[in-house]
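Below is one structure; the comments refer to it alone.
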């Protein structure tokens, strides 16, 4: 019986899982090529990894080591000669895994970054996962009040393992504008989302292929705005031991992350001709006074580990013309808090009352202490993530390649070397956590 005669065996399963149709290409010629290449490998004439990859169909190239090993085992039971060559290929694959994964993760990152919208990225990831035998759930996320674009979360688990003990999680949304990917001559990959966070999503996708159970994938939307995706993910009914969140941490593990307090300051006045200011009331003048007072205030909370509270006046808007006393003015401010946000919120509210300015809080969360593993450099993250909004985990880790200093910039970038190593980092982290989890369960 030849490989070509299979209709319900492992080759058919390979066909179903990896999208290679039965009549695509000349399978007999492909088998002859494989057999010929096998002889060359055995004779030591050809050990070049790239040339071997070119002879394999896309379906075999995309196999995880777990599925490739299973496929080879099934072929050996049927005494198919190609199984011997595939075993050789698997050995070379593992030997050359660094260059292979590097190429794969860069290509996958570029494909994700080049999706212009979050919804298109969701579609891409969904199709990628389904083609690799993941059980995929799409979850609708309510739109933001000022943006009606459809939003979706993607959750994936292995069949028969709906509530894995580890979940890799990151976000598919990016800050505007869309910047397609490009390779620099300096060893960096550029583009919107390469480090925040579609390059990390690509690395998690590849890392997930190493596990047949125990590991799930959750990719959310809204992290850059209202954290709506993570809030909605709480309704999936998950209960996981470890949540590994991907953000650009320069391959370090934060011990904690600062909290956040986002507020809008609303000042109202009475408009009139600027030549007669006594007939009106400026909305801008008291707002400036309040902002100056908040910026100069010295007694915000401090924390020995997290440091000082940080205030940013991010947006000011008001008035219509230079010759009109303004009747409205607004400011958006954001605090990176090291205490419970209500403490800072009260400081702002009390001072705003002096100037008859209304405050509106539209997002807040306190600092989060994070889980870390031995062997990784540590630091304290002053930025915010989705972690405080997730309610379905026991321990959370924050880890990823790239620098937060490059995120949200016109030159967002990630080192090709760091990106290439990231999938293996994620694999090793998950394996340590799985071992720790099993060890804990078996302890008396």
Segment 147-177 to segment 267-293: how many Å between their Cα centroids? 46
What does a probe at residue 303 reach in segment 337-377, counting residues whose amide N is under 13 Å from the point 7 Å along Cα→Cβ? 337-344, 365-371
Note to self: C-alpha centroids of segment 302-366 and segment 129-144 sit apart, in Å, by 37
Residues 128, 134 arranged by fewest to most Cβ contacts within 10 Å: 128, 134
Mean separation of Cα pairs under 8 Å and 6+ residues apart, divided by the residue count of segment 332-444: what relative contact order is that in percent? 18
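Since every read-out is calculated from the coordinates, none of them should be taken as a lab result. Since we're looking at a predicted model, the values are computed, not measured. No Cβ is skipped: glycine too gets one built from the backbone with ideal geometry, and neighbour counts run over all protein chains shown.
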